[in-house]
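Accompanying notes for the structure given below.
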Amino acid sequence: MKSKIIVTGGLGFIGSHTVVALHEAGFEPIIIDNLSNSQLSALDGIEKLIGYKPQFAQFDVNDAPALRQLIEESKPHAVIHFAAFKAVGESVEKPLMYYRNNVGGLVTLLEVMKETGLTDIVFSSSCTVYGEPAEIPVKESTITKPAESPYGATKQMGEVILKDNAPWCNTQCLRYFNPIGAHPSAEIGELPLGVPNNLIPYLTQTVAGIRESLTVFGNDYDTPDGTCIRDYIHVVDLAEAHVSAVKRLIDKSYQNAFEVFNIGTGNGSTVLEVINSFESATGLKVPHTIGGRRAGDVVKVWAETTKVENVLGWKAKRNLETMLRDAWNWQVKLSK
Ligand code: UFG
């Protein structure tokens, strides 16, 4: 029988790709999603890719009775916990909403897991915990900095909560760098609500004619071309990292109950390099202008990937052009 894996936020950007990767690796994903920042159409896309509609329960992870019932009925082997808000600016405006959803949701999930004897969890963390990194590339042992936003604080608190529960709970904590792209089939991808905050959806919407021009936030940073550097990672590679983490939990091959991994490619790209790569991957021009710096932006960050390669046995396979081509194909599909 296939091992069942609960995926909270399983209809979101990273969640939907992980559901597909779990199926491909022989697991049975069970999706929980309250549709607060996702759409049911993602379930149709998943169905097209895996050949059936996976079990989907629409509720909030703060709903303990619903969670308890689902876990008791389905008897999953592990949980992958994506369900969380993720917009830095919004978190500054509505901090309580972020603490309720991101911290409260995790606490509720852990309480129900403990009650029902479910011990294994993969947690979505972020390279935001490093702030402006003390060293580059960033190692898992690099010191974390005080959070610059309530969003960042919720990820740091989530890590602490999971560490404190290590006596009974086994965690694979994945610190994502910048996930972009879409499934190569263009059946699933990112569905930003309203004006996108992030670079890639803004870029693809600009090329599609939905936005007039992309503003590059600052070109006077201490980087080769003056624009900020990030470690962009293909969402399908990221999804596959979750499968490796789930296997490590199920096989009990972890060395510590709380383990943390950087999930990036190990390569940094500037904003202008992203624009150039997009243009050479697609042959299309990106209308853009240089604007002022965006408050709170880290100047440069990319991952040291030795630990994740050696210990988790996972390595990113897809390059920047592939990420951008897949992001564009998804935008084309959305614009139809
Ligand atoms: N950028 C632009 N123009 C835009 C949007 C972004 O120039 O319209 C630049 C940013 O200044 C930054 C880069 O593109 O240099 C990437 O910006 P994103 O908003 O796409 O991503 P961030 O690195 O700011 O944020 C992401 C996630 C957060 C997470 C953070 C961790 O969105 O959830 O990484 O560093 F916390």
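The values are calculated or read from the model by the stated rules, or taken from the named source; none is laboratory data. Remember, it's a predicted structure, so these values are computed and weren't measured experimentally. Cβ sites come from the backbone with ideal geometry, for glycine too, and all protein chains shown count toward neighbours. Just the protein is used for accessible areas: all its heavy atoms, side chains included, with ligands, DNA and RNA removed. Shrake-Rupley method; radii C 1.70, N 1.55, O 1.52, S 1.80 Å.
State which residue is most open to solvent (accessible area, probe 1.4 Å) when the search covers only the stretch 130-149 and only residues that are farther than 15 Å from Lys300 by Cα and among the small types (Gly, Ala, Ser).
By that ranking, first place goes to Ser141.
Take the conditions more than 12 Å from the ligand (Cβ to nearest atom) and either exposed (fewer than 13 other Cβ atoms within 10 Å of the Cβ) or free of Cβ contacts under 8 Å to residues at least 24 places away in the same chain (or both) and apply them to Lys333. Does it pass?
Spelling it out, it is not the case that Lys333 is more than 12 Å from the ligand (Cβ to nearest atom) and either exposed (fewer than 13 other Cβ atoms within 10 Å of the Cβ) or free of Cβ contacts under 8 Å to residues at least 24 places away in the same chain (or both).
Right, Val88: at pLDDT below 95 and under 22 Å from Ile180 (Cα atoms) or not?
Taking the combined requirement at face value, the residue satisfies it.
Sort out which residues of the stretch 149-165 are more than 13 Å from the ligand (Cβ to nearest atom) and not aliphatic (A, V, I, L, M), and write them in order of number.
Glu159, Lys163, Asp164, Asn165
Hey, among the residues in the stretch 159-190 that are in contact (Cβ under 8 Å) with a residue 60 or more places away in the chain and more than 23 Å from Ala316 (Cβ to Cβ), which one's surrounded by the most Cβ atoms within 10 Å (Cβ to Cβ)?
If we take residues in the stretch 159-190 being in contact (Cβ under 8 Å) with a residue 60 or more places away in the chain and more than 23 Å from Ala316 (Cβ to Cβ), then Leu162 is surrounded by the most Cβ atoms within 10 Å (Cβ to Cβ).
Identify all residues within the stretch 298-321 that are surrounded by fewer than 15 Cβ atoms within 10 Å (Cβ to Cβ) and within 9 Å of the ligand (Cβ to nearest atom); write none if there are none.
none
How many residues are under 20 Å from Ser277 (Cα atoms) and either assigned to a loop (DSSP other than H, G, I, E, B) or within 8 Å of the ligand (Cβ to nearest atom) (or both) if we restrict to the stretch 222-234?
9
Give the stretch 180-195 a look and list any residue that's within 12 Å of the ligand (Cβ to nearest atom) and farther than 20 Å from Ser36 by Cα, or say none.
Passing the criteria: only Ile180.
What's the number of the only condition in (1) within 16 Å of the ligand (Cβ to nearest atom); (2) polar (S, T, N, Q); (3) over 16 Å from Glu159 (Cα atoms) that Asn101 fails to meet?
(3)
Scanning for something of a type in the set (Asp, Glu) and in contact (Cβ under 8 Å) with a residue 60 or more places away in the chain, does the stretch 277-296 turn up at least one residue?
Checked the stretch 277-296: no residue is of a type in the set (Asp, Glu) and in contact (Cβ under 8 Å) with a residue 60 or more places away in the chain.
Can you tell me how many residues within the stretch 196-221 are within 8 Å of the ligand (Cβ to nearest atom) and polar (S, T, N, Q)?
3
Which numbered condition trips up Thr108, out of (1) of a type in the set (Ser, Thr, Tyr); (2) open to solvent by less than 40 Å² (accessible area, probe 1.4 Å); (3) within 11 Å of the ligand (Cβ to nearest atom)?
(3)
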